[in-house]
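A short reminder: the numbers here are calculations on the coordinates, not readings from a lab. Bear in mind the structure is a predicted one, so any value in this text is a computation, not a measurement. Here the Cβ is made from the backbone with ideal geometry for all residues, glycine too, and neighbour counts use every protein chain on show.
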Amino acid sequence: MIQLGNTFQGKKCARCHQTIQSDPAFADDLWYHSACLEEGKKALQRAQELASHFSLASTDSRPSWAPGGTA
């Protein structure tokens with residue numbers, strides 16, 4: 001477990017861009033408010049469920065316009 005201490009002080013949330021005063025979360029090398037991180041995870045899950053429902057899911061996570069993406 002990582003000891004956070006004050007390492008998040010002065011950081012801005014990667015989702016809402018507000019300064020993090022308390023309740024920090026660190027994921028994918030970015031700082032978030034814990035609530036913002038959870039809401040982002042829920043939004044991603046909903047998007048994946050919709051994509052799956054409408055058969056838009058791809059085995060390649062890169063967009064078609066991105067280098068190496070499917071055309």
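A few comments on the model shown:
- Matching residues in region 12-30 - criterion: being in a loop (DSSP other than H, G, I, E, B) and either closer than 17 Å to residue 44 by Cα or of a type outside the set (Val, Ile, Thr) (or both): 13, 14, 15, 16, 17, 18, 21, 22, 23, 28, 29
- In region 8-55, the residues that are touching a Cys at 6+ places or on another chain (Cβ under 9 Å) and on the phi > 0 side of the Ramachandran plot: none
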